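**Student:** Here it is, the structure in full.
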Amino acid sequence: MSAGEIARTHFSAAMAAAKAEGQDLDAVARNMLSQAITSMLERRSVADVRAELLAAAENVDPDTDYMFMRP
């Protein structure tokens, strides 16, 4: 199983559990993000984690075309 598959499996399970418990899905997603950031900070510098988060935030729109993409 790939890293992405592992993450998707556990995230989907967390969302299903949240829905079953009547929890706010966005609150659970924010907490998952917080846990991921805490985990990365255990191995990486603050600047490195910040750069990764900024890159993800700048590329959040799935409909955005990038210079390196071909039609």
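Any read-out appearing in this document is the output of simple, stated calculations on the displayed coordinates, not a laboratory observation. This is a predicted model, so every value here is computed, not measured. Counting neighbours? That spans all protein chains shown, and the Cβs are built from the backbone with ideal geometry, glycine included.
**Student:** With each label point set 7 Å from Cα along the Cα-Cβ vector, what nm distance links residue 11 and residue 37?
**Tutor:** Roughly 1.6 nm, to one decimal.
**Student:** Please work out the FRET efficiency for the pair residue 61 and residue 29, using the Cβ-Cβ distance as r and a Förster radius of 22 Å; give the result to the nearest 0.05.
**Tutor:** Working from the Cβ atoms, E equals 0.80.
**Student:** Which of these values of semi-axes √(5λ) of the Cα gyration tensor in Å was calculated from the structure shown: (i) 25, 19, 13; (ii) 17, 15, 10; (iii) 23, 16, 8?
**Tutor:** Given (i) 25, 19, 13; (ii) 17, 15, 10; (iii) 23, 16, 8, the calculated one carries the label (i).
**Student:** Could I ask something else about it? Just to be sure I understand the model, the point goes 7 Å from the Cα along the line to the Cβ. What's the resulting residue 20 to residue 48 distance in nm?
**Tutor:** 3.7
**Student:** Quick one: angle between helix 25-41 and the longest Cα principal axis of the chain, in degrees between 0 and 90, rounded to 10, please.
**Tutor:** That helix lies at roughly 60 degrees to the long axis.
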